[in-house]
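The values are calculated or read from the model by the stated rules, or taken from the named source; none is laboratory data. On a predicted model such as this, the values are computed, not experimentally measured, just so you know. Note that we place each Cβ from the backbone using ideal geometry, even for glycine, and neighbour counts take in every protein chain shown.
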Amino acid sequence: MTFLAQRPMPYCRGCGHGLVARRLDEALGRLGLDPGRVVLTTDIGCVGLVDPLFPAVHTVHTIHGRSTAVAAGAVLADALCAEGGLTNIVMLGDGGATIGLLHLTQAALMNVDLTVLLHNNMLFGMTGGQHSALTPEGFATSTTLEGNWVPALDMEQILRGSHGGFFARQLATDRELADVIAEAIAFPGFALVEILELCTGFGVPLNELDGKALRATAEAEGKQFGVRIRRADRRPYHALYRERFPVRAAGPPPATRAAPARAFAHRLTRALGVIVAGSAGERVQTAAAVLAQAAVLSGLCCVQKNDYPVTVGSGFSLSEVKLAPEPILYTGIDAADAVLIASADGLREVKGRRDLERLAPAGVVIVDASLAGELPPGRALAAPLRSTLTADTAALGAVALLVARTGVLERDALLAAVDALGGKDAGALRAAVERGSTLTG
């Protein structure tokens, strides 16, 4: 079958990326893979434009250099936590490969069962033709107009040093490229195919380059073509993991903490999105974790996502908690059902994110009383969170107040969640739940 969509290639005329996409299509067809079991993870740059060309497979578009790490996580999650059987392929450029070089070497060291197709046009194509760590010595780029001063990294040697299972080097124009890609995909472990190609936007005009000169440039650096590494002495990481941690026989897992005395009830009939915002260091994310744990103890599905600035210890702290009676397949909160604001830092952040503007029609806003004047009249329930409780428990008091007003969970579920999470401050957190439940606006 054909995996590649019948649409124009989004690349410059003559760019090697289009050739690689076509050879990947041929390789997938030869292997007879089910498109629904193929995951294509792409990096930032021109290479990332490939996503819509493969509409029948799953595609994941990542940030620069992180594509291999994301794909490795998907491989291990599938192999160890699901039924297995996904085929994972990474497509990145020389810029993404060198920015994320440690991700590549770690995946090779672990022998994670995925295939990386490295599109090496020897420069950063999308951002203006700057040199990369794979730019050959003497090669001209927009930042090395008189020729690069230093030699390029040798990916073959890097893979050998990382105990990589499979490595091949080809030109994008090589007839055997599809066969090599198919062999790499079928290899049971980490495989990388370095594909040398032309960037017709920058590499060709700056170096008067063509296919023959490209091969000669690589050979002048001592680089050889074809399959260079093929090791049968290493098992993929998921097999080693399962050997050390075999699946236990059916039955309840051993308890590490005391189970709650009883199951807690809930009144949730649909997904509920809650945003908890406050200041760094004031247990905002702990408050959200208590809400999430209480939901789990009540038989609900739950996800939690945390956010904070790079300063970590100063500025805002924010957490999104999504609860639902059914499995959560979309973890985002487009329109929150409740926004809890425990400090001025939190208020600035939710305003900047426009969470209040996107609040659900029947949404609830709970804000510390000291900030009520910064919101339109009648917009929020103002409660004395910081004055009645403490700065460190104001966010949890807001959570308790939300539960008390809406009744979606039992207060005792929050108390049990505090006990389950444990910690030396459990007593103060229990007191915050008790006090927050009685607050009024």
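Output the residue which, of all residues in segment 390-441 that are farther than 21 Å from Ser319 by Cα and aliphatic (A, V, I, L, M), is surrounded by the fewest Cβ atoms within 10 Å (Cβ to Cβ).
Ala431
Select from segment 419-441 the residues that are of a type in the set (A, V, I, L, M) and touching a residue at least 40 places away in the same chain (Cβ under 8 Å) and write down the one among them that is nearest to Val408 (Cα to Cα). Give the steps one after another, and end with the answer.
Filtering segment 419-441 down to residues of a type in the set (A, V, I, L, M) leaves 420-421, 426, 428-429, 431-433, 439.
The next check asks that each one be touching a residue at least 40 places away in the same chain (Cβ under 8 Å); those that pass are 420-421, 429, 432-433, 439.
Details: Ala420: 20, Leu421: 21, Leu429: 20, Ala432: 19, Val433: 15, Leu439: 17 Å.
The selected residue is Val433.
Among the residues of segment 311-321, are any within 22 Å of Ala417 (Cβ to Cβ) and β-branched (Val, Ile, Thr)? Please lay out each step first, then the result.
Within segment 311-321, the subset within 22 Å of Ala417 (Cβ to Cβ) is 317-321.
From what's left, β-branched (Val, Ile, Thr): 321.
Yes; the residues of segment 311-321 include at least one that is within 22 Å of Ala417 (Cβ to Cβ) and β-branched (Val, Ile, Thr).
If you take just the helices (runs of 4 or more DSSP H) that sit entirely in segment 293-412, which of them hold at least 1 residues that are farther than 22 Å from Val433 by Cα? Walk me through how you get there before you give the answer.
On the way: elements: 344-353, 385-388, 394-406.
Ranges flagged: 344-353.
Is it the case, given these coordinates, that Gly65 is over 21 Å from Ala182 (Cβ atoms) and touching a strand residue (DSSP E or B) at 6+ places or on another chain (Cβ under 7 Å)? Spell out the reasoning first.
Numbers: over 21 Å from Ala182 (Cβ atoms): yes; touching a strand residue (DSSP E or B) at 6+ places or on another chain (Cβ under 7 Å): no.
So Gly65 does not fit the description; no.
Look at Arg175 and say whether it is within 27 Å of Asp113 (Cα to Cα), in contact with a Gly (Cβ under 8 Å, 6 or more places away or on another chain) and at pLDDT below 95. Walk me through it before giving the result.
On the way: within 27 Å of Asp113 (Cα to Cα): yes; in contact with a Gly (Cβ under 8 Å, 6 or more places away or on another chain): no; at pLDDT below 95: yes.
Considered against the rule, which asks whether it is within 27 Å of Asp113 (Cα to Cα), in contact with a Gly (Cβ under 8 Å, 6 or more places away or on another chain) and at pLDDT below 95, Arg175 comes out as no.
Give me the pairs: first residue in segment 216-238 and assigned to a helix (DSSP H, G or I), second residue surrounded by 13 or more Cβ atoms within 10 Å (Cβ to Cβ) and of a type in the set (Asp, Glu), beta-carbon distance under 8 Å, and six or more apart or on different chains, which are they?
Tyr237/Asp113; His238/Asp113
Under the condition of being outside any loop (DSSP other than H, G, I, E, B), surrounded by fewer than 24 Cβ atoms within 10 Å (Cβ to Cβ) and touching a residue at least 40 places away in the same chain (Cβ under 8 Å), which residue from segment 280-291 is farthest from the chain's Cα centre (by Cα)? Can you show your working first?
Of the residues in segment 280-291, the ones outside any loop (DSSP other than H, G, I, E, B) are 284-291.
Retained after the next criterion (residues that are surrounded by fewer than 24 Cβ atoms within 10 Å (Cβ to Cβ)): 285-286, 289.
Then drop every residue that is not touching a residue at least 40 places away in the same chain (Cβ under 8 Å), which leaves 286, 289.
On the way: Thr286: 23, Ala289: 21 Å.
Filtering segment 280-291 for residues that are outside any loop (DSSP other than H, G, I, E, B), surrounded by fewer than 24 Cβ atoms within 10 Å (Cβ to Cβ) and touching a residue at least 40 places away in the same chain (Cβ under 8 Å), the one farthest from the chain's Cα centre (by Cα) comes out as Thr286.
Restricting attention to segment 141-169, which residues are of a type in the set (D, E, K, R) and under 25 Å from Leu209 (Cα atoms)?
Kept after step one, since they are of a type in the set (D, E, K, R), are these residues of segment 141-169: 146, 154, 156, 160, 169.
Listed by number, the residues that qualify are Glu146, Asp154, Glu156, Arg169.
Looking at segment 364-415 only, could you name the residues that are of a type in the set (Lys, Arg), touching a residue at least 40 places away in the same chain (Cβ under 8 Å) and touching an Asp or Glu at 6+ places or on another chain (Cβ under 9 Å)? Steps first, answer last, please.
Initially, segment 364-415 is screened for residues of a type in the set (Lys, Arg), giving 379, 386, 405, 411.
Cutting the leftovers down to touching a residue at least 40 places away in the same chain (Cβ under 8 Å) gives us 386, 405.
Passing the criteria: only Arg386.
Only one of these is hydrophobic (A, V, I, L, M, F, W, C), at pLDDT below 95 and under 26 Å from Arg430 (Cβ atoms): Val321, Val364, Val339. Name it.
Values: Val321 fails: at pLDDT below 95; Val339 fails: at pLDDT below 95.
Only one candidate qualifies: Val364.
May I ask you to verify whether Leu53 is closer than 21 Å to Asp113 by Cβ, touching a residue at least 24 places away in the same chain (Cβ under 8 Å), of a type in the set (A, V, I, L, M, F, W, C) and in the same structural domain as Asn111 (by TED's automatic domain parsing)?
Working: closer than 21 Å to Asp113 by Cβ: no; touching a residue at least 24 places away in the same chain (Cβ under 8 Å): yes; of a type in the set (A, V, I, L, M, F, W, C): yes; in the same structural domain as Asn111 (by TED's automatic domain parsing): yes.
No: the conditions fail for Leu53.
Can you tell me which of Ala342, Ala336 is under 24 Å from the mean Cα position of the chain (by Cα) and in the same structural domain as Val399 (by TED's automatic domain parsing)? Working first, answer last.
On the way: Ala342 fails: under 24 Å from the mean Cα position of the chain (by Cα).
Unique residue meeting the criteria: Ala336.
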